[in-house]
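Worksheet for the structure shown next.
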C-alpha cells in the first residue's frame, strides 16, 4: 500500500477549522484540538437552533393570530377550523402578517370563517 503524507490536505483542513473557531476564547481559537472540539460543539448547537427557530416562529405566529381573533370575537381554533371549512388554505405566517398589518382583510377572513362554520 502506498504511503500517504497528506501535507496540503491536512493543512487546509486544520486551517478551515481554526478559521471557524476565530473569535473563540483562549486556546479554543489557537490550538487545533481544542478548536476542533469547540467548532463541532458549536455546529451541533447551530443545527439544533435552526430547528428551534422554526418552532419559535410558528408559536409567535399563532400568538399573533390568536390575539387578532380574540379582538374579532372568535377563538383561534374556531378561526382555523372555519378557514379550512371555507376552503381557504393560508399558512400561519401569512395569517399573522395579515393580522398585524391589515385589519380590514383579517376581518374579512374572520367573517368568511364564521359563515363557513354556520353552514357546517
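Read the figures in this text as sums done on the coordinates, not as results from a lab. This one's a predicted model, so the numbers in the text were calculated from it and none came from an experiment. Neighbour counts are summed over all protein chains in view; Cβ atoms, including those assigned to glycine, are modelled from backbone coordinates with ideal geometry.
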TODO: For segment 89-120 and segment 15-62, compute the distance between their C-alpha centroids and round to whole Å.
DONE: 39
Open item on the list: Across the chain, what fraction of all alpha-carbon pairs, as a whole percent, falls in each successive 5 Å bin from zero upward?
Closed with: 2, 10, 14, 12, 8, 6, 6, 6, 6, 7, 8, 6, 4, 2, 1, 0
Task: Residue among 104, 12, 72 with the largest mean-square fluctuation in a Gaussian network model of the chain, springs linking Cα atoms under 10 Å - done: 12
Task: Mean shadow area of segment 1-67 over all directions, Cα convex hull, nm² - done: 7.4
- [ ] Mind telling me which of 31, 88, 100 comes out most flexible in a GNM of the chain, alpha-carbon contacts under 10 Å?
- [x] 31
- [ ] Using only Cα atoms, tell me the angle between helix 32-72 and the longest principal axis of the chain; keep it within 0 to 90° and round to the nearest 10.
- [x] 10
- [ ] Return a whole-number percent for the relative contact order of the chain, with Cα pairs under 8 Å and 6 or more residues apart as the contact set.
- [x] 19
- [ ] Relative to the longest principal axis of the C-alpha atoms of the chain, give the angle of the C-alpha long axis of helix 103-119, reported between 0 and 90° and rounded to the nearest 10°.
- [x] 60
Open item on the list: I'd like the orientation of helix 92-101 relative to the chain: the angle between its Cα long axis and the longest Cα principal axis, in ° from 0 to 90, rounded to 10.
Closed with: 70
- [ ] Name all residues of segment 1-31 having a backbone nitrogen under 15 Å from the label point set 7 Å from the Cα of residue 44 along its Cα→Cβ direction, giving them as ranges.
- [x] none
TODO: Considering only 41, 11, 55, give the residue with the highest GNM mean-square fluctuation for the chain, with springs between Cα atoms whenever their separation is below 10 Å.
DONE: 11
